[in-house]
1. Taking the stretch 18-49, which residues are within 32 Å of the chain's Cα centre (by Cα) and not in a helix (DSSP H, G or I)?
2. With outside the structural domain of residue 122 (by TED's automatic domain parsing), in a loop (DSSP other than H, G, I, E, B) and surrounded by 14 or more Cβ atoms within 10 Å (Cβ to Cβ) as the only criterion, which of 52, 67 stands out?
3. Scanning the stretch 70-85 for residues that are part of a helix (DSSP H, G or I) and without any contact (Cβ under 8 Å) to a residue 60 or more places away in the chain, which turns out surrounded by the fewest Cβ atoms within 10 Å (Cβ to Cβ)?
4. Please indicate, with yes or no, whether at least one residue in the stretch 311-322 is more than 23 Å from the chain's Cα centre (by Cα), in the same structural domain as residue 143 (by TED's automatic domain parsing), touching a residue at least 24 places away in the same chain (Cβ under 8 Å) and surrounded by fewer than 20 Cβ atoms within 10 Å (Cβ to Cβ).
5. Considering only residues that are in a strand (DSSP E or B) and crowded, with 19+ Cβ neighbours inside 10 Å, which ones fall in the stretch 161-173?
6. State yes or no: is residue 61 closer than 30 Å to residue 230 by Cα, more than 16 Å from the ligand (Cβ to nearest atom) and touching a residue at least 12 places away in the same chain (Cβ under 8 Å)?
7. Got a sec? Which of 333, 351, 297 is under 29 Å from residue 240 (Cα atoms), in contact (Cβ under 8 Å) with a residue 12 or more places away in the chain and outside any loop (DSSP other than H, G, I, E, B)?
8. Go through (1) touching a residue at least 12 places away in the same chain (Cβ under 8 Å); (2) within 20 Å of the chain's Cα centre (by Cα) and name the single condition residue 100 misses.
Ligand code: ARG
């Protein structure tokens, strides 16, 4: 009797501890669909090349159909002894269809098999992530569209800087998430390449048609040309595609984290700018008045977890000589967890921001609620239009640096009188510069300040509306 899966070569069985240490089936079983798809494409090509018979192919297909339904229904028995998803499925296939099952692995190694499976699986997940990124952008866009004319204090250094449109502020995040989607699309092109045919590391002596397999698995470029890894050593050993993905996911989470931090701030009683629906908050076990922003806080925390996975994966790769090393089995848990965390986070944010579709009304309900008055009050507090006064003086002929200094004096006076710049009497303003006229009060208003920023990408409502239209078209 064989000691385990390998061969007669082994003189003693693996210890239970080593079995547990080396086996991956309890996490890599989630690759099962990709594994079966890869095997079917490989078998189809083996038959087309006359390496296995049509009868064997039919048996493999029938066995895989059976295994698919067993796994889908939960009836499949995963065995730790069989180490990983690949050996579990192959063993069951052989149990079901005999020798045909044993022929499946012709011209293949688990090394090119696992690299293919991970790529196929990740490609599918990335497509879901792209859809979720679109949903989140649409949710932010809808909030932007409803609040173009709502003014909030824009901050630098978390100090009131200049008034901005809340819609404009939301669009900043739309830009970030649109770049995340672009990055995902670019990484997908490099994920979507076929390692099968590289075998263990050196290629194989069987006359495989790798391009046929690539086409069957839809590993093709935009023109439909098959995308095949061109070096067998590289194909089985590098996980740069997973690292790249995790880097893109990390950046996306960093954007989520920045948004989270703002939501948390805006929800605090000291700001009172927004509310999120109760179902995204939790209470306190001791303080009855509390509604805590757990979801954004957790998202901020989970960002650290995803960035940690990036560090884990990139470190996993750094000392590995060519070609495949078992180290690479450690790529799975961080990658899986990155995908799960990112998907859940994007889904929850799209709903928390944009609300949930009410099938009765066909409208989204329960997204964030904006307190426009609180935002505007806060913008009035921090001399947010001081730059506008300086710009006004520049138009009257002062060099900008002098205007800057003049306004600093005016702000100092306003601070000591505890009033806004717009509340200083004209006569007082004229003491700082005699060219100041009555029209100054237009530029000192929040709305005047906003409307003045007509530059491309600026916060003037006309600009913001133009950007919203551009994004709507892009996302349609
Ligand atoms: N479970 C392994 C992994 O995830 C499959 C490849 C194992 N290959 C080998 N020669 N041990 O990487």
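1. 23, 24
2. Working: 67 fails: in a loop (DSSP other than H, G, I, E, B).
Result: 52 is the single residue among 52, 67 that is outside the structural domain of residue 122 (by TED's automatic domain parsing), in a loop (DSSP other than H, G, I, E, B) and surrounded by 14 or more Cβ atoms within 10 Å (Cβ to Cβ).
3. Filtering the stretch 70-85 for residues part of a helix (DSSP H, G or I) gives 70-73, 80-82, 85.
Filter once more, so that each one left must be without any contact (Cβ under 8 Å) to a residue 60 or more places away in the chain: 70-73.
Details: 70: 14, 71: 20, 72: 11, 73: 8.
Out of the qualifying residues, it is 73.
4. Within the stretch 311-322, one or more residues are more than 23 Å from the chain's Cα centre (by Cα), in the same structural domain as residue 143 (by TED's automatic domain parsing), touching a residue at least 24 places away in the same chain (Cβ under 8 Å) and surrounded by fewer than 20 Cβ atoms within 10 Å (Cβ to Cβ).
5. Going through the stretch 161-173, the residues in a strand (DSSP E or B) turn out to be 161-165.
Once the filter is applied, which keeps residues that are in a strand (DSSP E or B) and crowded, with 19+ Cβ neighbours inside 10 Å, the stretch 161-173 yields 162, 163, 164, 165.
6. Values: closer than 30 Å to residue 230 by Cα: yes; more than 16 Å from the ligand (Cβ to nearest atom): yes; touching a residue at least 12 places away in the same chain (Cβ under 8 Å): yes.
Here the answer is yes, as residue 61 does meet what is asked.
7. Working: 351 fails: under 29 Å from residue 240 (Cα atoms); 297 fails: under 29 Å from residue 240 (Cα atoms).
Of the residues listed, the single one that is under 29 Å from residue 240 (Cα atoms), in contact (Cβ under 8 Å) with a residue 12 or more places away in the chain and outside any loop (DSSP other than H, G, I, E, B) is 333.
8. All conditions are met except number (2).
The values are calculated or read from the model by the stated rules, or taken from the named source; none is laboratory data. Computed from a predicted model, the values in this text were never measured in an experiment. Counting neighbours? That spans all protein chains shown, and the Cβs are built from the backbone with ideal geometry, glycine included.
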